[in-house]
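One structure is given here, and the rest of the page talks about it.
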Amino acid sequence: MKHIVKGNEPRSLVEHRSQPYADYDNYPQKDDLRQSLLIEQGYICCYCMQRIAHDTIKIEHWQPQSIYPDLQLDYRNLLGACQGNQGQPQRLQHCDTRKAETEITINPADASKNCENFIKYSSKGEIYSDDETINNELNEVLNLNLETLTRNRKAAMDALIEGLRKKYPSKSWTVGILSKEIDKFDNGTKKYKYRPYCQFVVFLLNKKLSVAKDQAKSQG
């Protein structure tokens, strides 16, 4: 899960909200909303970080519409999620599709509580938290340790490591090399702001960077 910095909401949403009897269902320009969410999230799902696009994004109400109707048009409450295996058995669903109307405490768009500070990953692609409540939400509510997702996260890291081995076959990965790779996954590409599963890769690269820095100090 990567922290989301909310940007400006689409003008059409502002105008619609000012209309009498405005609600989410009768908002006619949801394509504007989809585009805004995709851009500010770098075309990755707000929860699992897989690639999403205009034709695959689901508009997620972090605080459910059924419980908080007054927030159904609040842009700060709106996120872009993947399809999450919609239509599949519940055990195979994830992200917003699995979450449905359940309330959770972890919010990737919370400006005061960066989700990245509460989430960790194993080298096998597993996601977890030392916070018991958040850990339960990651596993039971969002189902982010679904085998497909852990496999995809691990594959993203494996591909990077294989690329580094080919590029630097005869020397260790220095602080400079690792810092450069972290920057790529933190800041993304020209076409997409973020790469799929970017924060997982950044987390593991930062662990390798810490080791490289310690080695550099000991050799200095």
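The values are calculated or read from the model by the stated rules, or taken from the named source; none is laboratory data. Treat the numbers as computed from the prediction; the structure is a model and nothing was measured. Note that we place each Cβ from the backbone using ideal geometry, even for glycine, and neighbour counts take in every protein chain shown. Only protein heavy atoms, including side chains, enter the accessible area calculation; ligands, DNA and RNA are left aside. Shrake-Rupley method; radii C 1.70, N 1.55, O 1.52, S 1.80 Å.
With the checklist (1) at negative phi; (2) modelled with pLDDT of 95 or more in hand, flag the one item MET49 doesn't pass.
(1)
Among the residues that make up segment 121-128, is at least one of them among the charged types (D, E, K, R), exposed (fewer than 14 other Cβ atoms within 10 Å of the Cβ) and in contact (Cβ under 8 Å) with a residue 24 or more places away in the chain?
Among the residues of segment 121-128, at least one is among the charged types (D, E, K, R), exposed (fewer than 14 other Cβ atoms within 10 Å of the Cβ) and in contact (Cβ under 8 Å) with a residue 24 or more places away in the chain, which makes the answer yes.
Conditions tested, residue by residue: (1) within 14 Å of the chain's Cα centre (by Cα); (2) at pLDDT below 90; (3) not in a loop (DSSP other than H, G, I, E, B).
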{"position": "PHE185", "(1), (2), (3)": "yes, no, yes"}
{"position": "LYS191", "(1), (2), (3)": "no, yes, no"}
{"position": "PHE203", "(1), (2), (3)": "yes, no, yes"}
{"position": "ALA212", "(1), (2), (3)": "no, yes, yes"}
{"position": "ALA216", "(1), (2), (3)": "no, yes, yes"}
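What's the total number of residues in segment 114-157 that are within 13 Å of CYS95 (Cβ to Cβ), among the polar types (S, T, N, Q) and either touching a Gly at 6+ places or on another chain (Cβ under 7 Å) or not in a helix (DSSP H, G or I) (or both)?
2
Return the residues of segment 28-46 that are in contact with a Gly (Cβ under 6 Å, 6 or more places away or on another chain) and at positive phi; say none if nothing qualifies.
GLY42
Filter segment 100-112 down to residues that are surrounded by 15 or more Cβ atoms within 10 Å (Cβ to Cβ) and more than 14 Å from ASN77 (Cβ to Cβ), then give me how many there are.
So the count comes out to 1.
Looking at segment 148-172, I want the residues that are among the basic types (Lys, Arg) and have a partner that is assigned to a helix (DSSP H, G or I) and open to solvent by less than 80 Å² (accessible area, probe 1.4 Å) with Cβ atoms under 8 Å, at least 6 apart or on another chain. Which pairs are those?
Pairs found: ARG153/PHE200.
From ARG91, ARG34, grab the single residue that is over 22 Å from ASN107 (Cα atoms), modelled with pLDDT of 95 or more and of a type in the set (Lys, Arg).
After ruling out the rest, the residue left standing is ARG91.
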